[in-house]
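Everything below concerns the one structure shown next.
The values are calculated or read from the model by the stated rules, or taken from the named source; none is laboratory data. Computed from a prediction, not measured in an experiment: that's the story for all the values here. With ideal geometry, Cβ positions are generated from the backbone for all residues, glycine too; neighbour counts draw on all protein chains shown.
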Amino acid sequence: MQSSSSEFINVTNSWASASGCFLGLAETGQLMAVSKTIQNRANTAKKLAEVEAQLVACNNPVRLAELLIFCSTAKRDFKSRLRALVTNLEARKGRLLAELSKIDERLDKEHLDLGWAVDPAPMISLVPRIVRKSAPHVVERNAVIDEHLDLSDREICHLLDRNFVRDGYGCCDHLPERWVRDCRVDTFIGAYNHPQCRGRVHKLISVRRRLQRYPSAGVS
């Protein structure tokens, strides 16, 4: 019995699988050109699916009622608007179908023998995402602020200094570098008392307050 790793290699090198097709194209130097064509097809198919969904909506009573209310509010003729919408959608559908047909002809020449389907469900990407992560000192600073958002900005600055000032050397990394560079401050209370820096202190704390009220607006 073959091991799971050898079975995986056999499958991916088979022309019956998508990965096998891509490996073969990579060997012949055609992969980039074909990949761009496949991506173009996917984008075109997505546009076609959206157009077809709009055409379906043109026969949906709920959507038609929404359009009627919109036309009434905007003082537009409902019948003319609906006819023009359907005509435009049908024309777009025809153009997209013709474009898909040309793309498929180009792909057929590569003998890929791959099935094409538009799946409305999200697909996991093979392209790695770049995820921004806050530096540890920023996380620590935000944690102190978040725990005391009921206090005034001045009181929060005192708390930040008590947590992060070390032996009179200032806040180090916990104090934003631009504040230190532009305003030459070395403590949060010093930044609060600085006429040009107080607005930055207020913005920093107000952002944390907003994120507490609306968590989906951002991340810590």
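Close contacts from region 69-96, counting a first residue that is in contact (Cβ under 8 Å) with a residue 12 or more places away in the chain and a second that is surrounded by fewer than 13 Cβ atoms within 10 Å (Cβ to Cβ) and of a type outside the set (A, V, I, L, M), with Cβ to Cβ under 8 Å and a gap of 6+ residues or different chains, come to none at all. Listed by first and then second residue, the pairs with beta-carbon distance under 8 Å, at least 6 apart or on different chains, first residue in region 41-57 and assigned by TED's automatic domain parsing to the domain that holds Gly94, second of a type in the set (Asp, Glu) and surrounded by fewer than 16 Cβ atoms within 10 Å (Cβ to Cβ), are Arg41/Asp104; Leu55/Glu90.
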